[in-house]
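J.: What follows is a structure written as structure tokens; I'll ask about it next.
The values are calculated or read from the model by the stated rules, or taken from the named source; none is laboratory data. If you're wondering where the values come from, they're calculated on a predicted model, not measured in any experiment. Glycine also receives a Cβ, built like all others from the backbone with ideal geometry; neighbour counts cover every protein chain displayed.
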Amino acid sequence: MPYNLEPYNVPESHAYGKCRLVTDFEKISYIGEGAYGSVFKCKDKKYDLIVALKKLRIRHEDRPLPRNFMREITIMKELQHDNVATLIGIAVGRNFASTYLILEYYPYDLSKIIDDAVAKPFILHPELLYGLDYIHHHNVLHRDLALTLDVHVSLVQKMKEMTPNKVSRWYRAPELLFGDTKYTSAIDI
């Protein structure tokens with residue numbers, strides 16, 4: 001789905017560059033929470049679109065965005081595929097005290113799709129695998145597939161030496177449980 005959203009102009013010298021104001025969005029409902037933030041279903045008041053706003057959990061709001069968030073934003077901007085969430089843009093709160101990712105909204109998370117799999121048993125795997133195949137071909141690992149995760153939203157990282165403990169404990173691959181710092185896309189399967 002193509003988006004033509006005008007950015008809010010932030011001075012070029014600011015770390016955020018161009019972004020929108022969170023006041024442009026009306027919260028409809030709470031979707032869920034993960035290790036890196038809370039996600040809300042929202043209405044973009046300016047463009048009359050339903051989107052997902054992911055409020056990034058930042059420990060020290062007086063500091064720039066942590067590297068892992070900058071990495072996620074950079075990689076998500078590069079990935080363009082039907083089975084990978086589209087990063088529409090970035091929104092900020094008053095005085096830049098809070099940061100939000102504006103994402104495509106999907107009405108189902110992985111657990112709902114699995115629950116519905118009785119009716120459509122062969123739809124889940126191809127869609128999920130197409131998305132994983134796409135990000136893996138771009139040298140990106142998901143590392144945190146979980147039932148409550150939006151199928152299309154991911155924290156992604158370029159393949160390199162990585163930490164094994166940045167993934168939800170209950171969904172860690174055996175390589176991560178044993179502390180490996182070098183691994184392949186097999187951890188996503």
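J.: Taking region 25-34 only, how many residues are within 19 Å of residue 97 (Cα to Cα) and among the aliphatic types (A, V, I, L, M)?
T.: 0
J.: Does residue 91 count as at pLDDT 70 or above and within 11 Å of the chain's Cα centre (by Cα)?
T.: Working: at pLDDT 70 or above: yes; within 11 Å of the chain's Cα centre (by Cα): no.
No, not satisfied.
J.: Further, regarding this structure: Is there any pair linking a residue in region 22-33 that is touching a residue at least 60 places away in the same chain (Cβ under 8 Å) to one that is outside any helix (DSSP H, G or I) and exposed (fewer than 13 other Cβ atoms within 10 Å of the Cβ), with Cβ under 8 Å and at least six apart or on different chains, and which?
T.: Here the result reads 24/45; 24/46; 25/45, each pair linking region 22-33 to a residue that is outside any helix (DSSP H, G or I) and exposed (fewer than 13 other Cβ atoms within 10 Å of the Cβ).
J.: Still on this structure, please answer the following. What single numbered condition from (1) modelled with pLDDT under 70; (2) surrounded by 12 or more Cβ atoms within 10 Å (Cβ to Cβ); (3) in a helix (DSSP H, G or I) fails to hold for residue 64?
T.: Only one criterion in (1) modelled with pLDDT under 70; (2) surrounded by 12 or more Cβ atoms within 10 Å (Cβ to Cβ); (3) in a helix (DSSP H, G or I) is unmet by residue 64, namely (3).
J.: How about region 105-126: which of its residues are at pLDDT 80 or above and either farther than 25 Å from residue 69 by Cβ or among the aliphatic types (A, V, I, L, M) (or both)? It would help to see each step written out before you state the result.
T.: Let us first name the residues in region 105-126 that are at pLDDT 80 or above, namely 105-107.
Matches in region 105-126: 107 only.
J.: Given the structure, is residue 15 modelled with pLDDT under 90 and more than 20 Å from residue 77 (Cβ to Cβ)? Before the answer, list the steps.
T.: Numbers: modelled with pLDDT under 90: yes; more than 20 Å from residue 77 (Cβ to Cβ): no.
Answer is no for this residue.
J.: Further question: In region 41-53, is there at least one residue being under 15 Å from residue 100 (Cα atoms), surrounded by 12 or more Cβ atoms within 10 Å (Cβ to Cβ) and either hydroxyl-bearing (Ser, Thr, Tyr) or modelled with pLDDT under 75 (or both)?
T.: No, every residue in region 41-53 fails to be under 15 Å from residue 100 (Cα atoms), surrounded by 12 or more Cβ atoms within 10 Å (Cβ to Cβ) and either hydroxyl-bearing (Ser, Thr, Tyr) or modelled with pLDDT under 75 (or both).
J.: Another one. Looking at this structure, is residue 78 at pLDDT 75 or above and acidic (Asp, Glu)? Break it down stepwise before answering.
T.: On the way: at pLDDT 75 or above: yes; acidic (Asp, Glu): yes.
The answer is yes for residue 78.
J.: Please give the number of the condition residue 102 fails out of (1) under 30 Å from residue 26 (Cα atoms); (2) modelled with pLDDT under 80.
T.: The single condition residue 102 does not satisfy is (2).
J.: Next question. Provide a single number: the residues in region 30-57 that are within 12 Å of the chain's Cα centre (by Cα) and either among the aromatic types (Phe, Trp, Tyr) or closer than 15 Å to residue 90 by Cβ (or both). Give the steps one after another, and end with the answer.
T.: Here is the first cut: in region 30-57, the ones within 12 Å of the chain's Cα centre (by Cα) are 33-39, 52-56.
Imposing the further condition that a residue be either among the aromatic types (Phe, Trp, Tyr) or closer than 15 Å to residue 90 by Cβ (or both) reduces the set to 36-37, 39, 52-56.
Looking only at that region, the number is 8.
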